[in-house]
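Peer 1: Can you keep this structure in mind? I'll have questions shortly.
The values are calculated or read from the model by the stated rules, or taken from the named source; none is laboratory data. What you are looking at is a predicted structure, and each value in this text was computed from that prediction instead of being measured. Virtual Cβ from ideal backbone geometry, glycine too; neighbours counted across all protein chains shown. Heavy atoms of the whole protein, side chains included, go into the accessibility calculation; ligands, DNA and RNA do not. Shrake-Rupley method; radii C 1.70, N 1.55, O 1.52, S 1.80 Å.
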Amino acid sequence: MDRSGDLGSLLTLAATLGLPCSPYLGMATTEPPKKKPDPVTSETVVIWGLRLWQVIGIFAIFVLAVIITLCCIFKCRIPRTKKEIEARYAQRQAAKTYADKLETVPPLNELTEIPGGTSHSRTLNSLPVVKEEDEMALQGN
């Protein structure tokens with residue numbers, strides 16, 4: 001029997017099946033096996049001397065701070081119930097109505113003036129002054 005013929009037919013068969021066609025495929029080598037890279041664990045140093053868990057923690061704190069800041073600035077809290085949504089809508093409508101009515105109120109200095117009256121300083125001088133002794137006498141009776 002011709003062994004090279006058998007090997008050739010096996011290689012041809014392997015090539016037609018799409019298998020690797022090296023006659024040295026099954027032979028052992030004297031080279032040491034290639035060293036596998038160390039597995040990535042939480043204690044693996046990733047960047048700037050920081051371990052993986054430290055980098056993940058710093059990143060998580062940063063993301064959380066951004067989310068909290070955005071939620072505080074934009075008040076993006078989602079209401080939980082239909083009742084709460086309706087209550088907020090009613091509160092906004094009441095605030096809008098109040099603001100609209102407040103714009104129609106005249107300024108305070110116009111409200112305190114008495115038409116045809118005297119100046120403000122004269123009204124203060126004409127008010128009766130109650131002394132502390134008079135007040136004590138009134139409370140005692």
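Peer 1: Assign one of three labels to region 55-99, namely rounded, prolate or oblate, based on the Cα gyration tensor with a ≥ b ≥ c the square roots of its eigenvalues; rounded applies when a/c is under 1.5, prolate when it is not and a/b is larger than b/c, and oblate otherwise.
Peer 2: It comes out oblate by the Cα gyration axes.
Peer 1: I'd like the FRET efficiency for LEU108 and ILE85, computed as 1/(1 + (r/R0)^6) with the beta carbon distance as r and R0 of 35 Å, rounded to 0.05.
Peer 2: That gives a FRET efficiency of 0.40.
Peer 1: Next question, about the same structure. With a point put 7 Å past each Cα toward its Cβ, work out how far LEU70 is from VAL55 in nm, to one decimal.
Peer 2: Placing both labels 7 Å beyond Cα along the Cβ direction yields 2.4 nm.
Peer 1: Return the carbon/sulfur percentage of the accessible area of region 63-104, one whole number, probe 1.4 Å, all protein chains in place.
Peer 2: Ligands and nucleic acids excluded, carbon and sulfur reach 65 percent.
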